[in-house]
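A.B. asks: Could you have a look at this structure, given as structure tokens, before my questions?
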Amino acid sequence: MMKQYFLVPLAALLVFLVTGAWMNGMIPDLFPNLRLKMLGNGFKIRNLRHKPRSFKQVMMLAMNVGFISTTYATVIRADGRVEDLGMISRRVVTNVGANAVASAFNGAFTLSDFDFHGSGTGITAEAVGDTALVTEVATRATGTASNPTAPTYRSVGTVTYAASFAITEHGLFSASTSGTLFDRSVFAAINVANGDSIQFTYTLTVSSGG
């Protein structure tokens, strides 16, 4: 009987040790797809607190009016592991971004310039009055632009990091430095280390009607 009493805590300890090693990458070859899924789901849970700010965008999407922006992220670790975090934000087209669209109609701005991805560690909630990231880090990535469907613009850019950061904001800019900030997003921290990259996919849907 005494041996049976010891089996339960020993089994619990074994599960704890294996789970800790699994989540910290000590045994990355053991069921790697499940481990990556768990990491991605963990980010999504932490990012839930940022979702209420996108309520207006969700309603606009349902009514099929206005600009609808969506940002996705995929983490590419230095050792080759890939963590798909899915959609991280639906916020927010800025005033200066909207003004740039209006200016493009008289030739004062080139909309295709909005193809540069910046990231940072600022945690201040995004707002239409933003003109820059709060704390930008790393070199901006030049995106690859496309129109996957008729009313949709997409830009995919991969930012590579040379140090450890907790990335919490993304911006789509019109230049590799400075430039006009079209859209800024804030989300739960994505922890990166030297050699890691984040592939950002920004999608803008322009709806007719309204």
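The values are calculated or read from the model by the stated rules, or taken from the named source; none is laboratory data. These numbers were taken from a predicted model, which means no experiment stands behind them. Glycine gets a Cβ as well: all are built from the backbone with ideal geometry, and neighbour counts include every protein chain shown.
A.B. asks: Quick test of your reading of the structure: L30 fulfils all but one of (1) surrounded by fewer than 16 Cβ atoms within 10 Å (Cβ to Cβ); (2) at pLDDT 55 or above; (3) not acidic (D, E). Name the failing condition by number.
C.D. replies: (2)
A.B. asks: Which number in (1) closer than 21 Å to F187 by Cα; (2) outside any loop (DSSP other than H, G, I, E, B); (3) hydrophobic (A, V, I, L, M, F, W, C) marks the one condition that A132 misses?
C.D. replies: Tallying (1) closer than 21 Å to F187 by Cα; (2) outside any loop (DSSP other than H, G, I, E, B); (3) hydrophobic (A, V, I, L, M, F, W, C), A132 fails exactly one: (2).
A.B. asks: Of these, V128, V186, which one is among the aliphatic types (A, V, I, L, M), in contact with a helix residue (DSSP H, G or I) (Cβ under 7 Å, 6 or more places away or on another chain) and surrounded by fewer than 18 Cβ atoms within 10 Å (Cβ to Cβ)?
C.D. replies: On inspection, the qualifying residue turns out to be V128.
A.B. asks: Let me ask something additional. Could you check A62 against (1) in contact with a Phe, Trp or Tyr (Cβ under 9 Å, 6 or more places away or on another chain); (2) part of a helix (DSSP H, G or I); (3) at pLDDT below 95; (4) of a type in the set (A, V, I, L, M, F, W, C) and say which number it fails?
C.D. replies: Unmet condition: (1).
A.B. asks: For the stretch 76-120, which residues satisfy the criterion of being assigned to a helix (DSSP H, G or I) and touching a residue at least 60 places away in the same chain (Cβ under 8 Å)?
C.D. replies: Of everything in the stretch 76-120, those that are assigned to a helix (DSSP H, G or I) and touching a residue at least 60 places away in the same chain (Cβ under 8 Å) turn out to be V96, G97, A100, D113.
A.B. asks: Moving on. Test T205 against the stated conditions and say whether it is outside any loop (DSSP other than H, G, I, E, B), among the hydroxyl-bearing types (S, T, Y), farther than 18 Å from L85 by Cβ and at pLDDT below 95.
C.D. replies: Judged against the criteria, T205 is a match.
A.B. asks: Something else about it: Would you please name the residue that is nearest to Y202 (Cα to Cα), looking only at residues in the stretch 79-112 that are more than 17 Å from the chain's Cα centre (by Cα) and of a type in the set (A, V, I, L, M)?
C.D. replies: Only one residue tops the list, namely L111.
A.B. asks: Same structure, new question: As an exercise: evaluate A188 against (1) touching a Lys or Arg at 6+ places or on another chain (Cβ under 7 Å); (2) hydrophobic (A, V, I, L, M, F, W, C); (3) assigned to a loop (DSSP other than H, G, I, E, B) and give the number of the one condition it does not meet.
C.D. replies: In the conditions (1) touching a Lys or Arg at 6+ places or on another chain (Cβ under 7 Å); (2) hydrophobic (A, V, I, L, M, F, W, C); (3) assigned to a loop (DSSP other than H, G, I, E, B), A188 misses (3) alone.
A.B. asks: Any residue at all in the stretch 106-114 that's surrounded by 14 or more Cβ atoms within 10 Å (Cβ to Cβ), among the acidic types (D, E) and touching a strand residue (DSSP E or B) at 6+ places or on another chain (Cβ under 8 Å)?
C.D. replies: There is no residue in the stretch 106-114 that is surrounded by 14 or more Cβ atoms within 10 Å (Cβ to Cβ), among the acidic types (D, E) and touching a strand residue (DSSP E or B) at 6+ places or on another chain (Cβ under 8 Å).
A.B. asks: Can I ask one more? Which ones in the stretch 157-178 are farther than 14 Å from S119 by Cβ and touching a residue at least 40 places away in the same chain (Cβ under 8 Å)?
C.D. replies: S174, A175
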